[in-house]
(Lines give C-alpha, C1' and ligand atoms only; values in the text may rest on other atoms or scores of the structure.)
Protein backbone atom coordinates (compact mmCIF):
# COMPACT_ATOMS: atom_id res chain seq x y z
CA UNK A 1 0.00 0.00 0.00
CA UNK A 2 1.62 3.21 -1.13
CA UNK A 3 1.50 6.52 0.64
CA UNK A 4 -1.07 7.73 -1.91
CA UNK A 5 -3.41 4.87 -1.06
CA UNK A 6 -3.01 5.52 2.65
CA UNK A 7 -3.77 9.18 2.09
CA UNK A 8 -6.82 8.30 0.03
CA UNK A 9 -8.28 6.03 2.71
CA UNK A 10 -7.56 8.58 5.41
CA UNK A 11 -9.27 11.35 3.46
CA UNK A 12 -12.18 9.09 2.60
CA UNK A 13 -12.65 8.28 6.29
CA UNK A 14 -12.53 11.96 7.23
CA UNK A 15 -15.03 12.88 4.53
CA UNK A 16 -17.51 10.16 5.43
CA UNK A 17 -17.28 10.58 9.20
CA UNK A 18 -17.59 14.36 9.18
CA UNK A 19 -20.48 14.27 6.71
CA UNK A 20 -22.26 11.61 8.75
CA UNK A 21 -21.84 13.72 11.88
CA UNK A 22 -22.98 16.83 10.01
CA UNK A 23 -26.28 15.36 8.87
CA UNK A 24 -27.20 14.20 12.36
CA UNK A 25 -26.66 17.44 14.22
CA UNK A 26 -29.60 19.21 15.79
CA UNK A 27 -27.79 22.53 15.83
CA UNK A 28 -27.58 23.93 12.29
CA UNK A 29 -24.34 25.83 12.85
CA UNK A 30 -22.62 22.66 14.03
CA UNK A 31 -23.87 20.85 10.96
CA UNK A 32 -22.52 23.57 8.67
CA UNK A 33 -19.11 23.55 10.35
CA UNK A 34 -18.81 19.77 10.11
CA UNK A 35 -19.71 20.06 6.46
CA UNK A 36 -16.96 22.64 6.03
CA UNK A 37 -14.51 20.08 7.41
CA UNK A 38 -15.87 17.51 4.99
CA UNK A 39 -15.39 19.88 2.05
CA UNK A 40 -11.82 20.62 3.10
CA UNK A 41 -11.06 16.92 3.10
CA UNK A 42 -12.78 16.61 -0.26
CA UNK A 43 -10.59 19.39 -1.64
CA UNK A 44 -7.51 17.50 -0.46
CA UNK A 45 -8.92 14.44 -2.18
CA UNK A 46 -9.21 16.40 -5.42
CA UNK A 47 -5.59 17.42 -5.02
CA UNK A 48 -4.61 13.77 -4.54
CA UNK A 49 -6.57 12.75 -7.64
CA UNK A 50 -4.66 15.22 -9.77
CA UNK A 51 -6.90 18.30 -9.87
CA UNK A 52 -5.16 21.11 -7.98
CA UNK A 53 -7.21 23.87 -9.58
CA UNK A 54 -10.43 22.09 -8.64
CA UNK A 55 -9.16 21.66 -5.09
CA UNK A 56 -8.58 25.39 -4.77
CA UNK A 57 -11.88 26.18 -6.45
CA UNK A 58 -13.71 23.85 -4.09
CA UNK A 59 -12.26 25.68 -1.11
CA UNK A 60 -12.89 29.13 -2.57
CA UNK A 61 -16.36 28.50 -4.01
CA UNK A 62 -17.85 25.64 -2.02
CA UNK A 63 -16.47 26.42 1.42
CA UNK A 64 -15.79 30.12 1.07
CA UNK A 65 -18.97 31.17 -0.70
CA UNK A 66 -21.65 28.50 -0.40
CA UNK A 67 -21.09 27.42 3.19
CA UNK A 68 -20.57 31.00 4.32
CA UNK A 69 -23.89 31.86 2.68
CA UNK A 70 -25.45 28.96 4.56
CA UNK A 71 -24.03 30.28 7.81
CA UNK A 72 -25.35 33.77 7.09
CA UNK A 73 -28.86 32.46 6.54
CA UNK A 74 -28.68 30.04 9.49
CA UNK A 75 -27.68 32.80 11.86
CA UNK A 76 -30.22 35.19 10.40
CA UNK A 77 -33.24 32.93 10.82
CA UNK A 78 -34.06 32.29 14.44
CA UNK A 79 -35.75 28.94 14.52
CA UNK A 80 -38.17 27.93 17.24
CA UNK A 81 -36.80 24.85 19.02
CA UNK A 82 -40.05 22.95 18.74
CA UNK A 83 -39.98 22.89 14.96
CA UNK A 84 -36.77 20.89 14.75
CA UNK A 85 -38.31 17.63 15.84
CA UNK A 86 -36.79 14.51 14.30
CA UNK A 87 -38.72 12.66 11.66
CA UNK A 88 -41.43 10.18 12.54
CA UNK A 89 -40.61 6.48 12.98
CA UNK A 90 -42.32 5.44 9.76
CA UNK A 91 -40.36 7.90 7.70
CA UNK A 92 -37.07 6.87 9.32
CA UNK A 93 -37.78 3.26 8.40
CA UNK A 94 -38.52 4.18 4.81
CA UNK A 95 -35.39 6.26 4.37
CA UNK A 96 -33.20 3.61 5.98
CA UNK A 97 -34.67 0.91 3.75
CA UNK A 98 -34.24 2.92 0.58
CA UNK A 99 -30.71 3.89 1.56
CA UNK A 100 -29.83 0.26 2.17
CA UNK A 101 -31.30 -0.86 -1.16
CA UNK A 102 -29.37 1.84 -2.97
CA UNK A 103 -26.16 0.91 -1.14
CA UNK A 104 -26.54 -2.76 -2.06
CA UNK A 105 -27.15 -1.86 -5.70
CA UNK A 106 -24.08 0.34 -5.75
CA UNK A 107 -21.80 -2.24 -4.16
CA UNK A 108 -23.03 -4.85 -6.61
CA UNK A 109 -22.43 -2.56 -9.58
CA UNK A 110 -19.03 -1.41 -8.43
CA UNK A 111 -17.64 -4.87 -7.84
CA UNK A 112 -19.32 -6.51 -10.82
CA UNK A 113 -17.30 -4.59 -13.37
CA UNK A 114 -14.63 -7.24 -13.36
CA UNK A 115 -10.87 -6.76 -13.37
CA UNK A 116 -10.99 -3.58 -15.43
CA UNK A 117 -12.46 -1.70 -12.50
CA UNK A 118 -9.76 -2.96 -10.17
CA UNK A 119 -6.72 -1.47 -11.89
CA UNK A 120 -5.16 1.15 -9.65
CA UNK A 121 -5.27 4.73 -10.78
CA UNK A 122 -1.99 6.05 -12.09
CA UNK A 123 -1.14 9.38 -10.52
CA UNK A 124 -1.32 12.36 -12.84
CA UNK A 125 -1.73 16.07 -12.38
CA UNK A 126 -3.67 18.47 -14.52
CA UNK A 127 -1.77 21.73 -14.32
CA UNK A 128 -4.07 24.74 -13.98
CA UNK A 129 -2.67 26.32 -17.13
CA UNK A 130 -3.37 23.28 -19.28
CA UNK A 131 -6.76 22.79 -17.67
CA UNK A 132 -7.74 26.40 -18.21
CA UNK A 133 -6.64 26.29 -21.82
CA UNK A 134 -8.67 23.13 -22.46
CA UNK A 135 -11.70 24.53 -20.68
CA UNK A 136 -11.80 27.79 -22.59
CA UNK A 137 -10.92 26.28 -25.96
CA UNK A 138 -13.31 23.36 -25.94
CA UNK A 139 -16.06 24.39 -23.54
CA UNK A 140 -16.26 28.15 -23.91
CA UNK A 141 -20.00 27.92 -24.63
CA UNK A 142 -20.56 26.07 -21.39
CA UNK A 143 -18.61 28.74 -19.52
CA UNK A 144 -20.74 31.47 -21.06
CA UNK A 145 -23.92 29.61 -20.21
CA UNK A 146 -22.71 29.07 -16.64
CA UNK A 147 -22.02 32.77 -16.21
CA UNK A 148 -25.46 33.54 -17.64
CA UNK A 149 -26.92 31.11 -15.13
CA UNK A 150 -25.15 32.90 -12.30
CA UNK A 151 -26.51 36.21 -13.58
CA UNK A 152 -30.02 34.80 -13.61
CA UNK A 153 -29.55 33.50 -10.07
CA UNK A 154 -28.34 36.91 -8.96
CA UNK A 155 -31.34 38.68 -10.47
CA UNK A 156 -33.70 36.13 -8.97
CA UNK A 157 -32.23 36.43 -5.51
CA UNK A 158 -32.31 40.23 -5.68
CA UNK A 159 -35.95 40.16 -6.69
CA UNK A 160 -36.92 37.68 -3.99
CA UNK A 161 -35.05 39.59 -1.32
CA UNK A 162 -36.44 42.94 -2.40
CA UNK A 163 -40.03 41.74 -2.43
CA UNK A 164 -39.66 39.99 0.92
CA UNK A 165 -38.16 43.08 2.50
CA UNK A 166 -40.90 45.26 1.08
CA UNK A 167 -43.52 42.78 2.32
CA UNK A 168 -42.14 42.71 5.87
CA UNK A 169 -41.80 46.49 5.93
CA UNK A 170 -45.42 46.80 4.86
CA UNK A 171 -46.40 44.27 7.52
CA UNK A 172 -44.63 46.26 10.20
CA UNK A 173 -46.33 49.46 9.07
CA UNK A 174 -49.73 47.77 9.12
CA UNK A 175 -49.19 46.63 12.69
CA UNK A 176 -48.42 50.18 13.74
CA UNK B 1 -0.29 3.87 -7.69
CA UNK B 2 -3.39 5.10 -5.95
CA UNK B 3 -6.47 3.03 -5.25
CA UNK B 4 -8.61 1.28 -7.85
CA UNK B 5 -11.34 3.39 -9.38
CA UNK B 6 -13.99 1.16 -7.82
CA UNK B 7 -12.91 2.44 -4.41
CA UNK B 8 -13.37 6.03 -5.51
CA UNK B 9 -16.80 5.12 -6.83
CA UNK B 10 -17.62 3.44 -3.53
CA UNK B 11 -16.65 6.54 -1.58
CA UNK B 12 -18.74 8.67 -3.91
CA UNK B 13 -21.73 6.34 -3.52
CA UNK B 14 -21.49 6.28 0.29
CA UNK B 15 -21.28 10.05 0.39
CA UNK B 16 -24.28 10.23 -1.94
CA UNK B 17 -26.28 7.96 0.34
CA UNK B 18 -25.42 10.12 3.35
CA UNK B 19 -26.54 13.22 1.45
CA UNK B 20 -29.69 11.52 0.28
CA UNK B 21 -30.61 10.44 3.81
CA UNK B 22 -30.07 14.00 4.99
CA UNK B 23 -32.20 15.47 2.20
CA UNK B 24 -35.02 12.96 2.66
CA UNK B 25 -35.01 12.31 6.40
CA UNK B 26 -34.60 15.74 7.99
CA UNK B 27 -37.51 18.06 8.69
CA UNK B 28 -35.59 21.24 8.23
CA UNK B 29 -35.34 23.21 4.99
CA UNK B 30 -31.71 24.13 5.50
CA UNK B 31 -30.72 20.52 6.20
CA UNK B 32 -32.47 19.48 2.99
CA UNK B 33 -30.35 21.98 1.08
CA UNK B 34 -27.21 20.77 2.86
CA UNK B 35 -28.05 17.21 1.80
CA UNK B 36 -28.27 18.45 -1.78
CA UNK B 37 -24.83 19.98 -1.47
CA UNK B 38 -23.38 16.74 -0.14
CA UNK B 39 -24.87 14.83 -3.06
CA UNK B 40 -23.36 17.28 -5.55
CA UNK B 41 -19.98 16.92 -3.89
CA UNK B 42 -20.24 13.15 -4.15
CA UNK B 43 -20.87 13.45 -7.89
CA UNK B 44 -17.88 15.74 -8.23
CA UNK B 45 -15.63 13.19 -6.49
CA UNK B 46 -16.80 10.50 -8.92
CA UNK B 47 -16.05 12.72 -11.91
CA UNK B 48 -12.56 13.65 -10.74
CA UNK B 49 -11.80 9.99 -10.14
CA UNK B 50 -13.08 9.18 -13.63
CA UNK B 51 -10.81 11.86 -15.11
CA UNK B 52 -7.85 10.18 -13.46
CA UNK B 53 -8.99 6.69 -14.40
CA UNK B 54 -9.19 7.37 -18.13
CA UNK B 55 -6.49 10.07 -18.09
CA UNK B 56 -8.75 12.60 -19.74
CA UNK B 57 -9.32 16.09 -18.47
CA UNK B 58 -12.98 16.03 -19.46
CA UNK B 59 -14.10 14.84 -16.04
CA UNK B 60 -12.62 17.87 -14.36
CA UNK B 61 -14.46 20.27 -16.68
CA UNK B 62 -17.74 18.69 -15.55
CA UNK B 63 -16.79 19.47 -11.95
CA UNK B 64 -16.31 23.15 -12.86
CA UNK B 65 -19.87 23.26 -14.09
CA UNK B 66 -21.11 21.35 -11.05
CA UNK B 67 -19.50 24.02 -8.85
CA UNK B 68 -21.15 26.86 -10.77
CA UNK B 69 -24.54 25.15 -10.75
CA UNK B 70 -24.29 24.39 -7.04
CA UNK B 71 -23.54 28.03 -6.28
CA UNK B 72 -26.52 29.27 -8.31
CA UNK B 73 -28.83 26.67 -6.82
CA UNK B 74 -27.81 27.37 -3.24
CA UNK B 75 -28.28 31.11 -3.59
CA UNK B 76 -31.77 30.79 -5.04
CA UNK B 77 -32.66 28.01 -2.59
CA UNK B 78 -31.61 30.10 0.38
CA UNK B 79 -33.55 33.10 -0.92
CA UNK B 80 -36.61 30.87 -1.16
CA UNK B 81 -35.98 29.54 2.34
CA UNK B 82 -35.84 33.10 3.68
CA UNK B 83 -39.11 33.80 1.89
CA UNK B 84 -40.70 30.66 3.34
CA UNK B 85 -39.46 31.58 6.81
CA UNK B 86 -41.01 35.02 6.52
CA UNK B 87 -44.30 33.41 5.54
CA UNK B 88 -44.50 30.63 8.11
CA UNK B 89 -42.08 31.76 10.86
CA UNK B 90 -40.41 28.33 10.90
CA UNK B 91 -38.08 26.15 8.88
CA UNK B 92 -40.42 23.18 8.89
CA UNK B 93 -41.31 21.95 5.39
CA UNK B 94 -44.57 20.53 6.74
CA UNK B 95 -45.80 24.09 7.30
CA UNK B 96 -45.59 24.69 3.56
CA UNK B 97 -47.86 21.86 2.54
CA UNK B 98 -51.11 23.67 1.97
CA UNK B 99 -51.96 25.99 -0.86
CA UNK B 100 -53.66 28.96 0.68
CA UNK B 101 -55.28 32.00 -0.80
CA UNK B 102 -52.66 34.55 0.19
CA UNK B 103 -51.17 37.00 -2.29
CA UNK B 104 -48.79 35.55 -4.86
CA UNK B 105 -45.04 36.12 -4.90
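Key figures
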read-out: Long-range neighbours under 9 Å by Cβ, at least six apart or interchain, first residue facing chain B (nearest Cβ under 9 Å) and in contact (Cβ under 8 Å) with a residue 40 or more places away in the chain within the stretch A:8-20, second part of a helix (DSSP H, G or I) and buried (at least 16 other Cβ atoms within 10 Å of the Cβ); value: A:8/A:45; A:8/A:48; A:8/B:7; A:8/B:8; A:8/B:11
read-out: Among the residues listed as A:8, A:34, A:46, the single one being over 13 Å from the mean Cα position of the chain (by Cα), crowded, with 18+ Cβ neighbours inside 10 Å and under 24 Å from residue B:73 (Cβ atoms); value: A:46
read-out: Residue A:3, sole failed condition from (1) in contact with a helix residue (DSSP H, G or I) (Cβ under 9 Å, 6 or more places away or on another chain); (2) more than 7 Å from chain B (Cβ to nearest Cβ); value: (1)
read-out: Number of the condition not met by residue A:25 [criteria: (1) at the interface with another protein chain (Cβ under 10 Å from one of its Cβ atoms); (2) without any contact (Cβ under 8 Å) to a residue 40 or more places away in the chain; (3) under 14 Å from residue B:45 (Cβ atoms)]; value: (3)
read-out: Index of the failed condition, residue B:45 passing every other in (1) under 17 Å from residue A:57 (Cα atoms); (2) at pLDDT below 95; value: (2)
read-out: Residue in the stretch B:79-94 that is more than 8 Å from chain A (Cβ to nearest Cβ) and within 13 Å of the chain's Cα centre (by Cα) present; value: no
read-out: Output for the stretch B:1-25, where each listed residue is under 17 Å from residue A:32 (Cβ atoms), more than 7 Å from every other protein chain (Cβ to nearest Cβ) and buried (at least 21 other Cβ atoms within 10 Å of the Cβ); value: B:19
read-out: So residue B:82, is it surrounded by fewer than 21 Cβ atoms within 10 Å (Cβ to Cβ), part of a helix (DSSP H, G or I) and modelled with pLDDT under 95; value: yes
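The values are calculated or read from the model by the stated rules, or taken from the named source; none is laboratory data. In this text the structure is predicted, and so the values were computed from the model without any measurement. As a convention, Cβ positions derive from the backbone with ideal geometry for all residues, glycine included, and neighbour counts pool all protein chains shown.
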